[in-house]
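Only the coordinates and a few stated rules stand behind these numbers; no lab work does. Worth saying up front: this structure is predicted, and the values here are computed from it rather than measured. Cβ sites come from the backbone with ideal geometry, for glycine too, and all protein chains shown count toward neighbours.
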Amino acid sequence: MLPCLDEAEALPWVLARIPAGWRALVVDNGSTDGSADLARSLGAQVIHEPRRGFGAACHAGLTAATADIVCFCDCDASLDPSLLVAFVTEVADGRADLVLGRRRPQGRGAWPAHARAGNLALARMVRRRTGLRLHDLGPLRAARREPLLALGLTDRRSGYPLQMVVRAADAGWRVTEHDVPYRPRTGTSKVTGTWRGTWQAVRDMSRVLNETPAPAEAEGVRR
């Protein structure tokens, strides 16, 4: 799943790196730069999600997907989707239930100071809330689709990736984290492009951390 909002400049690079035999599902979240038509011309399936929000786009993709194991990746060319092959293998082999990419910046401007500060604060809050020793809540991730749906994710804004991790931890999932190169994104971030955007995301995610633990309806994913 590739949530997309005005990413026409980055789409060719991203879609060229989708592993052979995989289905690229671009979720257009109201683009005005022709992203949807471009993605379709490059062989991706396009889903339209009119409700704005990163979580809304991600969940629309999850709902539309049909594969047993699904992956998430940003559509801004900051992360290489070909790296997800190892993530999928780990899930398929039963060594993890949710695999996350820990972003390692490559090159000048890959990860602005305000975005790193926000990520550090969130990682600390996640550790206190879940006990998971995670360093990042990056968007590169893989898991099985049906258990993900069973988590009952409700956030449709920037708290969606965090809610996925928190509810997975509450359900007893094995969550692993692996370093991945993080390149300077193409275009301007819609979430963490400014200090204001970063701390709005932190506030969104803080609300997720304060939720009452959900019922363990998604336990038992380790069949």
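Worth a mention:
- ASN210-ALA117 FRET efficiency (beta carbon distance; Förster radius 25 Å; 0.05 resolution): 0.75
- Summing Cβ point charges (Lys, Arg +1; Asp, Glu -1) relative to the Cα centre of the chain gives a dipole of roughly 760 debye.
- Normalised contact order of region 2-209, rounded percent, pairs of Cα under 8 Å and 6 or more residues apart: 25 percent
- Separation in nanometres of the label points that stand 7 Å from Cα toward Cβ, at ARG23 and ARG40: 1.7 nm
- Note on ALA92 and ASP179: with the Förster distance fixed at 22 Å, the Cβ-Cβ geometry gives a FRET efficiency of about 0.60.
- Beta bridges per DSSP with both ends in the chain, % antiparallel, nearest 5: 30 percent
- Highest-first packing order for the peptide set 69-82, 46-59, 144-157 is 69-82, 46-59, 144-157, based on the mean count of other beta carbon atoms within 10 Å.
- Positive-end extreme of charge dipole, the chain - chosen from LEU83, ASN210, ALA24 (charges on Cβ): ASN210
- For the chain, built as a Gaussian network whose Cα springs stay under 10 Å, the top-fluctuating residue of VAL166, VAL85, VAL208: VAL85
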